[in-house]
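Peer 1: Provided herewith is a single structure, encoded as structure tokens, for subsequent inquiry.
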Amino acid sequence: MRKLMGAVAVLGAMTFMFALAMPVSAAAPSTAPGHNKLLCFDGTTDGGFGGTCTLKSKGAKGKATLDLTDDNANGDYAGVYTADSKLYGMLLADVTQMSYHWSGTIDPQPGDLSYNIPIDTNGDGTTEFFAFVDAFYCPGVDGVVDIVNDVDCVIYEGGVTPRANWDALVAAHPGAKIATDNFVFLIAERTPAEPDAVWIVNNVKFGKAGK
């Protein structure tokens, strides 16, 4: 399902390897001091790739522009994440909010825009696999992707096994949690062979207990 293979991007203490668009080393916090403030990452800043992320505001409800028009020979990527969320370490069954709104200069194709979630199945905090929520397979209504509540939101476990929706993922892994060794993140990607795209994402929700 993923496109940019083998690219490594460093976001401060967080290292992303975009094989199946997953961060392979990221120290997510055990506490949640903020209000899901968005942080950017992109191929231009990390080096070796194209793509830029620009925040209009730092709150989760603010807009982020993910510009994939660099035509870098290695491809473009850009995205957002948060370090300030009670989502990390939460039981999947207790998650009530994971969603965002998107608009773009093209319609999303497989792998263009995805929300990626590290899953801990044995309670040790580490990631056993990522759940990939691709906007192509979870289109929502009018660009609103509601991962937890949309019964038609297909989720790919490990980028391979499709689950019909969030409830099906939870049922397949009772007791599983959001891992604490990686960040949840939303990413836009394109390969050099694909058309340029600019995505606007806003109202990005990373799930808070009881909300």
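The values are calculated or read from the model by the stated rules, or taken from the named source; none is laboratory data. Computed from a predicted structure; not experimentally measured. Every residue, glycine as well, gets a Cβ built from its backbone with ideal geometry; the counts of neighbours run over all protein chains shown.
Peer 1: Hey, could you check region 163-190 for residues that are aliphatic (A, V, I, L, M) and within 18 Å of ALA135 (Cβ to Cβ) and say which is surrounded by the fewest Cβ atoms within 10 Å (Cβ to Cβ)? Break it down into steps so the answer makes sense when it comes.
Peer 2: Kept after step one, since they are aliphatic (A, V, I, L, M), are these residues of region 163-190: 164, 168-172, 176, 178-179, 184, 186-188.
Now narrow it down to the ones that are within 18 Å of ALA135 (Cβ to Cβ): 164, 169, 184, 186-188.
Details: ALA164: 13, LEU169: 24, VAL184: 24, LEU186: 26, ILE187: 29, ALA188: 30.
Among them, the one singled out is ALA164.
Peer 1: Still on this structure, I have one more. Does region 108-129 contain at least one residue that is farther than 23 Å from ALA64 by Cα, crowded, with 18+ Cβ neighbours inside 10 Å, among the charged types (D, E, K, R) and touching a helix residue (DSSP H, G or I) at 6+ places or on another chain (Cβ under 8 Å)? Let's see the steps before the verdict.
Peer 2: Here is the first cut: in region 108-129, the ones farther than 23 Å from ALA64 by Cα are 119-129.
In the following step, the residues that additionally are crowded, with 18+ Cβ neighbours inside 10 Å were identified as 119-120, 127, 129.
Still in the running and among the charged types (D, E, K, R): 120.
Those left that are additionally touching a helix residue (DSSP H, G or I) at 6+ places or on another chain (Cβ under 8 Å): none.
No, every residue in region 108-129 fails to be farther than 23 Å from ALA64 by Cα, crowded, with 18+ Cβ neighbours inside 10 Å, among the charged types (D, E, K, R) and touching a helix residue (DSSP H, G or I) at 6+ places or on another chain (Cβ under 8 Å).
Peer 1: Got a sec? Which of ILE106, ILE147, ILE155 is out of contact with any Cys (no Cβ under 7 Å at 6 or more places or on another chain), under 24 Å from LEU39 (Cβ atoms) and among the aliphatic types (A, V, I, L, M)? First the steps, then the outcome.
Peer 2: Values: ILE106 fails: under 24 Å from LEU39 (Cβ atoms); ILE147 fails: out of contact with any Cys (no Cβ under 7 Å at 6 or more places or on another chain).
Result of the check over ILE106, ILE147, ILE155: ILE155.
Peer 1: May I pose another question? Just give me the residues in region 151-186 being part of a strand (DSSP E or B), touching a residue at least 60 places away in the same chain (Cβ under 8 Å) and of a type in the set (Ser, Thr, Tyr), in sequence order.
Peer 2: TYR156
Peer 1: Looking at this structure, is ALA193 of a type in the set (A, V, I, L, M, F, W, C), surrounded by fewer than 24 Cβ atoms within 10 Å (Cβ to Cβ) and either in contact with a Lys or Arg (Cβ under 8 Å, 6 or more places away or on another chain) or touching a residue at least 60 places away in the same chain (Cβ under 8 Å) (or both)?
Peer 2: Values: of a type in the set (A, V, I, L, M, F, W, C): yes; surrounded by fewer than 24 Cβ atoms within 10 Å (Cβ to Cβ): yes; either in contact with a Lys or Arg (Cβ under 8 Å, 6 or more places away or on another chain) or touching a residue at least 60 places away in the same chain (Cβ under 8 Å) (or both): no.
No, not satisfied.
Peer 1: Step by step: first the residues of region 196-211, then only those that are in a loop (DSSP other than H, G, I, E, B), crowded, with 16+ Cβ neighbours inside 10 Å and at negative phi, then the one that is modelled with the lowest pLDDT. Which residue is that?
Peer 2: By that ranking, first place goes to LYS208.
Peer 1: Determine whether region 198-207 contains at least one residue that is more than 21 Å from CYS40 (Cβ to Cβ) and out of contact with any Asp or Glu (no Cβ under 9 Å at 6 or more places or on another chain). Quick ask: steps written out before the conclusion?
Peer 2: Taking region 198-207 and keeping what is more than 21 Å from CYS40 (Cβ to Cβ), we get none.
Scanning region 198-207 turns up no residue that is more than 21 Å from CYS40 (Cβ to Cβ) and out of contact with any Asp or Glu (no Cβ under 9 Å at 6 or more places or on another chain).
Peer 1: Hey, another quick one. Kindly provide the set of residues from region 56-72 that are at pLDDT below 95, surrounded by fewer than 16 Cβ atoms within 10 Å (Cβ to Cβ) and over 29 Å from LYS177 (Cα atoms), ordered by number.
Peer 2: LYS56, SER57, ASP71
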